[in-house]
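The values are calculated or read from the model by the stated rules, or taken from the named source; none is laboratory data. This one's a predicted model, so the numbers in the text were calculated from it and none came from an experiment. Ideal geometry is used to build each Cβ from the backbone, glycine not excepted, and the neighbour counts take in all protein chains shown. These area figures cover heavy atoms from the full protein model, side chains too; ligands, DNA and RNA do not enter into them. Shrake-Rupley method; radii C 1.70, N 1.55, O 1.52, S 1.80 Å.
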Amino acid sequence: MERTDVVVLGAGIVGVSVALHLAKRNLAVTLVDRQGPGEGTSYGNAGIIESATIFPPPFPRDIPTLARVATWQAPEANYHLAFLPRIAPWLLAYRSWSTPERMMKTAKMMRPLFSRAVAEHEALIVEAGAERLLRRTGWLKLYRLEETFTATMFERRAAEDFGVTFRLLDVDGARALEPALAPIFRRAIFWDQVASVSDPLALTRAYVERFVALGGRVLKGDALTLRRGPQTCRVETAEGRVEAGHAVAALGPWTNDLLANFRLRLPLAVKRGYHRHFATRGNATLRRPILDADNGYVLAPMDQGIRLTTGVEFADRDAPPTPVQVGRVLPAARRLFPLAAGIEPQPWMGARPCLPDSRPVIGQAPGHPWLWIATGHAHWGLTLGPVTGRLIADMMTGTKPFCDPAPYRAERFSRYGM
Ligand SMILES: Cc1cc2nc3c(=O)[nH]c(=O)nc-3n(C[C@H](O)[C@H](O)[C@H](O)COP(=O)(O)OP(=O)(O)OC[C@H]3O[C@@H](n4cnc5c(N)ncnc54)[C@H](O)[C@@H]3O)c2cc1C
């Protein structure tokens, strides 16, 4: 039997970042996953370190948008009809967080995390020797319709108040950055502080290598075997039982499976999303991720090709994939950028772990001071992994946290079962 200070359950970008930060504080840490590190949700994201995020994507409040979503006409959203009764209470809670006042409240509570996101990644990337993967080329958002651009006014004003910089570009300005884009949009916003990576899986693996170099252990095992004894907790792995003083639940969309064993429950839903890689025609290149705002998809240059990622799908986490959105947005993407053939036969699917207030849970489990939770990073798990790792490490080692951790406490969901 192995003894360790902390066992981190889940080796996605969040769990790996937590494990690495704990190892940097000289704690003995074991990282446990049932598959290889970074092969869950963290495998397939758009690779954007979204430091400029101001507001979470809102629940549609206007009737035309709602009607488009309800009738499966909206490229950015899909849902399974049979799943609607189960997700409806969560959607109502999510909707309640989509008023302008509450969006602003969320923006203020999330700013301490987003504002450090790029710097925290940069520090780990340098330590891990993974500089090759990082791009400091910003994020370009394109608007085909004037009204879609006008609707960003609230976000732009808030960005200015928060000191988040951006540049408004016309078609020529945007094409000066990305010459391969067809001039079929009217406006662009260039978020220059945003960074991105060319292979999220390789990044997670690089952080794991750094963790191992610091003495960390990576083992295969089932997190659901976690049990609490009188003094310690223990988990079964392929290499035997591991006993630890603390456990961290960083299981992304699967976190509630573990919490249920301790009579805890977060109002965690998933927003499923898909990606597929494409070759390019001629010698077309893309230097940074592009959002086609009116069509709800992102094109991101990756080592594997141009990765097209979709918006959200509300469906059971474990239901078979229904990648209709890839087909829905592909004609628009092909008109914007010279995509050639798809590289894989089938799109990849992931499930963003989401809480209705769009804030993650980072902190101790109520009533279980030995159990820590790091989950619910929604659209920003890659972005917020390292900053989450630092916050957990600060709290666990009794260091003054770099920001007030109260907005991320699990207790805010006490009426749901926390
Ligand atoms: C299409 C798409 C695009 C996205 N784009 C971006 C982006 O550009 N930028 C950004 O910041 N975020 C993005 N995201 C969101 C981001 O990918 C997620 O928030 C993030 O990957 C969540 O990380 P995680 O570590 O919490 O979960 P995961 O990566 O899912 O890790 C959880 C781990 O737990 C393990 N696990 C589960 N159950 C068990 C068990 N019983 N025993 C052992 N192990 C278990 C899994 O194997 C997995 O490795 C995107 C997501 C999608 C789907």
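Considering each of 260, 300, 315, 279 in turn, give the residue that is small (Gly, Ala, Ser) and over 30 Å from residue 149 (Cα atoms). 260 is the lone residue from the list that is small (Gly, Ala, Ser) and over 30 Å from residue 149 (Cα atoms).
Residue-wise test of (1) closer than 21 Å to residue 127 by Cβ; (2) open to solvent by 30 Å² or more (accessible area, probe 1.4 Å).
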{"position": "26", "(1), (2)": "yes, yes"}
{"position": "35", "(1), (2)": "no, yes"}
{"position": "38", "(1), (2)": "yes, no"}
{"position": "42", "(1), (2)": "yes, no"}
{"position": "46", "(1), (2)": "no, no"}
{"position": "49", "(1), (2)": "yes, no"}
{"position": "52", "(1), (2)": "no, no"}
{"position": "57", "(1), (2)": "no, yes"}
{"position": "62", "(1), (2)": "no, yes"}
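The C-beta contact set for the stretch 109-127 (first residue in contact (Cβ under 8 Å) with a residue 40 or more places away in the chain and farther than 14 Å from residue 193 by Cβ, second residue buried (at least 23 other Cβ atoms within 10 Å of the Cβ) and aromatic (Phe, Trp, Tyr), distance under 7 angstrom, 6+ apart or interchain) comprises 124/207. Among the residues of the stretch 1-24, how many are more than 10 Å from the ligand (Cβ to nearest atom) and either among the charged types (D, E, K, R) or within 13 Å of residue 205 (Cα to Cα) (or both)? Selection size over the stretch 1-24: 6.
Residues are listed down the side, and each one gets a yes or a no for (1) farther than 18 Å from residue 118 by Cβ; (2) aliphatic (A, V, I, L, M):
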residue: 134; (1), (2): no, yes
residue: 138; (1), (2): no, no
residue: 166; (1), (2): no, no
residue: 177; (1), (2): yes, yes
residue: 181; (1), (2): yes, yes
residue: 207; (1), (2): no, no
residue: 230; (1), (2): yes, no
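In a residue-by-residue description of the stretch 331-346, the property of being under 21 Å from the mean Cα position of the chain (by Cα) and closer than 20 Å to residue 302 by Cα applies to no position. Restricting 155, 122 to those that are of a type in the set (Asp, Glu), touching a strand residue (DSSP E or B) at 6+ places or on another chain (Cβ under 8 Å) and buried (at least 16 other Cβ atoms within 10 Å of the Cβ) reduces the list to 122. Among the residues of the stretch 76-86, those that are under 19 Å from residue 61 (Cβ atoms) and buried (at least 18 other Cβ atoms within 10 Å of the Cβ) comprise 76, 77, 79.
Evaluate the following for residue 27: is it more than 12 Å from the ligand (Cβ to nearest atom) and over 20 Å from residue 381 (Cβ atoms)? Taking the combined requirement at face value, the residue satisfies it. Here residue 189 clears all of (1) buried (at least 21 other Cβ atoms within 10 Å of the Cβ); (2) within 15 Å of the ligand (Cβ to nearest atom) except the condition numbered (2). Listed by position, the strands (runs of 3 or more DSSP E) inside the stretch 346-393 whose residues that are closer than 12 Å to residue 409 by Cα, open to solvent by less than 10 Å² (accessible area, probe 1.4 Å) and within 9 Å of the ligand (Cβ to nearest atom) number at least 2 are 368-375. Total residues in the stretch 215-226 satisfying the condition of being outside any helix (DSSP H, G or I) and either open to solvent by less than 70 Å² (accessible area, probe 1.4 Å) or within 13 Å of residue 372 (Cα to Cα) (or both): the figure is 6.
For the stretch 169-179, the criterion of being of a type in the set (Val, Ile, Thr) and open to solvent by 60 Å² or more (accessible area, probe 1.4 Å) is met by none of the residues. Residues that are exposed (fewer than 14 other Cβ atoms within 10 Å of the Cβ) and not in a helix (DSSP H, G or I) within the stretch 125-152 comprise 129, 136, 145, 151, listed in sequence order.
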